[in-house]
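J.: Shown below is the structure under consideration.
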Amino acid sequence: MTTTELAAGFADKVLGAQSTFRAVMEAMARPGRIQRITFEAGTPAPLMHASAALALTLFDHDTPIWLDAAIAADGTAARWLKFHTGAPLTDDPSTAAFALIGDGSALLPLERFALGTPEYPDRSTTLIIQVQALGSGASYRLHGPGIDGEALLQASLQPADLFDRLSFNAALFPRGLDVVLVSGDQVVAIPRTTRLSQGS
Amino acid sequence: MTEATYNFAYLDEQTKRMIRRAILKAIAIPGYQVPFASREMPMPYGWGTGGVQVTASILGPDDTLKVIDQGSDDTTNAISIRKFFAKTAGVATTTSTPDASVIQTRHRIPETPLHEGQVLVYQVPIPEPLRYLEPRETETRRMHALAEYGLMHVKLYEDIAKFGHIATAYAYPVKVAGRYVMDPSPTPKFDNPKMDNCPALQLFGAGREKRIYAIPPYTQVVSLDFEDHPFTRYRQDGCCALCGADDSYLDEIVTDNAGTRMFVCSDTDYCEGRRAEGHTGSETTPMESAHA
């Protein structure tokens, strides 16, 4: 094995995690609204800045992580995650606390991830999906808790039918999947309560 | 001897990560109680250990913190928690509701309407609204899973059968986003309507019972009731003796051994704000002479 240089973590662990968490908490509380994660952090390809910051903020030895083929590809991201977060990698998406998706077009059927149980709906996978662009592209009109009336999200994302696939959350509730979309330093959360408005 | 130093906001980073993950799931499932590994805090259970852990996990150096206990900024509990975070996190503190970005509360919601960007953190003693009706955690968990809340309506009905009205005056159960029945913590039911469609994020922490739950902004919160016995707010029939407010929640203060009493606003910041604007009540002394 050759020695390779790992990218750094947060410039400041404590404040980096705090500011990143506040951004993703705001995102989860106000679905469809774009938040920015700007705190300086090392970003190993193919992770985007916000995905790396979220990993440093939320992953640890208690959270099994599942990586899709695009993220796992050359092992750089996996080594970085292992070193900086200590989170165990899993091959079984149904046991993952978080899943990092680099290529949405190859997204697994969503039923393969952990959906929680009726008694413990919180024991479900949070999907972090890297997308092409947030703030431009196709328009999605969203409603649900956290949204005052309706929110308009513009996103250029794969899979194109992501919101149709996520509509299974309505029937599953309170079980379900929570999604964080990432593009560069931008994040948008789509918790399991968010629905696509009719006619959009 | 050098003074002991703590990590920013007291908690270690692994604990914060665990609590932060619980907060995200709590927001995603409004009203559902997420179990978390509550830590021992340097204060006894019942003094807000749950709220303090939630506040410690969200607080940043740019925040301005307000802490209230029964509406008051200047009781022991409120002051000690405010000083705790001023010392361990170095954050700015305030007593002004509009100026605060994070407000930790014990048993009241401020009278001044909250705005977007604020987070209200509740200290919760018993998070399970069904606990006094069903002591087994396995059963209450199953009842939540099945949305089987008939027992709660029976309890409210028994109030009506015994007293002629719903006698529950605080910790009045609510249904969040049409699904989970939730305990709003022992706030007076006067405050229940403020939770509905609130622009601020509301987080609840129960330290001893190890639960975190949340109401996202702009979420429907309905107080349980019956068609023929609709939910009503309750406040003492009177005006604040200091600021004359007739719309705020009032505390009754006994002022001598003869049983003389007066009503004053429970929310001290609201009351002081009104007095600064020149509102007066029956017991008002001009503020200048009060300081003389």
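The values are calculated or read from the model by the stated rules, or taken from the named source; none is laboratory data. Everything numeric in this text was worked out from a predicted model, so none of it was measured. Positions of Cβ are backbone-derived with ideal geometry, glycine not excepted, and every protein chain shown enters the neighbour counts.
J.: Kindly establish whether B:PRO186 is in contact (Cβ under 8 Å) with a residue 40 or more places away in the chain, assigned to a loop (DSSP other than H, G, I, E, B), within 10 Å of chain A (Cβ to nearest Cβ) and not hydroxyl-bearing (Ser, Thr, Tyr).
T.: no
J.: A further question on this structure: Please enumerate the residues belonging to region A:124-133 that are in a loop (DSSP other than H, G, I, E, B) and within 14 Å of chain B (Cβ to nearest Cβ).
T.: Within region A:124-133, A:THR125 is the sole residue that qualifies.
To keep it simple, each residue is scored yes or no on (1) over 25 Å from B:ASN197 (Cα atoms); (2) away from chain B (no Cβ under 14 Å); (3) at pLDDT below 95; (4) assigned to a helix (DSSP H, G or I).
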| residue | (1), (2), (3), (4) |
| --- | --- |
| A:LEU108 | yes, yes, no, no |
| A:ASP122 | no, no, no, no |
| A:GLY135 | yes, yes, no, no |
| A:TYR140 | no, yes, no, no |
| A:LEU153 | no, yes, no, no |
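J.: Keeping to region B:159-177, report how many residues are surrounded by 14 or more Cβ atoms within 10 Å (Cβ to Cβ) and either within 13 Å of chain A (Cβ to nearest Cβ) or on the phi < 0 side of the Ramachandran plot (or both).
T.: 11
J.: For region A:145-161, does any single residue satisfy the condition of being under 28 Å from A:ALA41 (Cβ atoms) and within 12 Å of the chain's Cα centre (by Cα)?
T.: no
J.: Which residues, taken from region B:51-95, are more than 14 Å from every other protein chain (Cβ to nearest Cβ) and part of a loop (DSSP other than H, G, I, E, B)?
T.: Hits for region B:51-95 are B:GLN70, B:GLY71, B:ASP73, B:ASP74, B:THR75, B:THR94, B:THR95.
J.: Here's a follow-up. Could you please find all residues in region A:155-178 being more than 25 Å from B:ILE23 (Cβ to Cβ), among the acidic types (Asp, Glu) and either in a loop (DSSP other than H, G, I, E, B) or in contact with a helix residue (DSSP H, G or I) (Cβ under 7 Å, 6 or more places away or on another chain) (or both)?
T.: A:ASP161
J.: Continuing with the same structure: Where the second residue is in a helix (DSSP H, G or I) and the first is under 14 Å from B:ILE109 (Cα atoms) and lies in region B:256-273, which pairs have Cβ atoms under 6 Å and are six or more apart or on separate chains?
T.: B:CYS265/B:CYS271
J.: Name the helices (runs of 4 or more DSSP H) wholly within region A:1-102 that hold at least 2 residues that are out of contact with any helix residue (DSSP H, G or I) (no Cβ under 8 Å at 6 or more places or on another chain)?
T.: Per the criteria, A:13-29, A:49-58, A:76-85.
J.: Please identify the pairs in which a residue from region A:4-29 that is buried (at least 17 other Cβ atoms within 10 Å of the Cβ) has its Cβ atom under 8 Å from the Cβ atom of a residue that is at pLDDT below 95 and among the acidic types (Asp, Glu), counting only partners at least 6 apart or on another chain.
T.: Listed pairs, sorted by first residue: A:PHE10/A:GLU40; A:GLY16/A:GLU40.
J.: Just checking, which of B:MET43, B:MET18 is at pLDDT below 95 and out of contact with any strand residue (DSSP E or B) (no Cβ under 8 Å at 6 or more places or on another chain)?
T.: B:MET43
J.: Please enumerate the residues belonging to region B:211-237 that are more than 25 Å from B:ALA167 (Cβ to Cβ), touching a helix residue (DSSP H, G or I) at 6+ places or on another chain (Cβ under 8 Å) and part of a loop (DSSP other than H, G, I, E, B).
T.: Those that are more than 25 Å from B:ALA167 (Cβ to Cβ), touching a helix residue (DSSP H, G or I) at 6+ places or on another chain (Cβ under 8 Å) and part of a loop (DSSP other than H, G, I, E, B): B:PRO216, B:PRO217.
J.: Right, another one. Might you check whether a residue that is within 14 Å of chain B (Cβ to nearest Cβ) and surrounded by fewer than 20 Cβ atoms within 10 Å (Cβ to Cβ) occurs anywhere in region A:175-194?
T.: Scanning region A:175-194, I find no residue that is within 14 Å of chain B (Cβ to nearest Cβ) and surrounded by fewer than 20 Cβ atoms within 10 Å (Cβ to Cβ), so the answer is no.
J.: So, in region B:78-105, exactly how many residues are surrounded by fewer than 21 Cβ atoms within 10 Å (Cβ to Cβ), without any contact (Cβ under 8 Å) to a residue 60 or more places away in the chain and not small (Gly, Ala, Ser)?
T.: 7
J.: May I ask you to say which residue of A:THR117, A:THR90 is under 30 Å from B:THR140 (Cα atoms), touching a residue at least 24 places away in the same chain (Cβ under 8 Å) and of a type outside the set (D, E, K, R)?
T.: None of the other options fit; the residue is A:THR117.
J.: Is one or more of the residues making up region B:201-215 at positive phi and loosely packed, with under 15 Cβ neighbours inside 10 Å?
T.: Scanning region B:201-215 turns up no residue that is at positive phi and loosely packed, with under 15 Cβ neighbours inside 10 Å.
J.: Can you work out which of the residues in region B:4-37 that are polar (S, T, N, Q) and more than 19 Å from the chain's Cα centre (by Cα) is farthest from the other protein chains (Cβ to nearest Cβ)?
T.: B:THR5
J.: Please state which one of A:THR57, A:THR20, A:THR43 is facing chain B (nearest Cβ under 8 Å) and among the β-branched types (Val, Ile, Thr).
T.: When all the criteria are applied, what remains is A:THR57.
J.: Mind listing just one residue for me: the one in region A:61-80 that is surrounded by fewer than 16 Cβ atoms within 10 Å (Cβ to Cβ) and within 14 Å of chain B (Cβ to nearest Cβ) and, of those, farthest from A:PHE10 (Cα to Cα)?
T.: Only one residue fits best here, namely A:ASP62.
J.: With the requirement that a residue be in contact (Cβ under 8 Å) with a residue 60 or more places away in the chain, surrounded by fewer than 17 Cβ atoms within 10 Å (Cβ to Cβ) and in a loop (DSSP other than H, G, I, E, B), what does region B:106-158 give you?
T.: B:THR112, B:PRO113, B:HIS115, B:GLU116, B:GLY117, B:ILE126
J.: May I pose another question? Check A:SER124, A:SER105 and return the single one that is in contact (Cβ under 8 Å) with a residue 12 or more places away in the chain and either surrounded by fewer than 20 Cβ atoms within 10 Å (Cβ to Cβ) or of a type in the set (D, E, K, R) (or both).
T.: A:SER105
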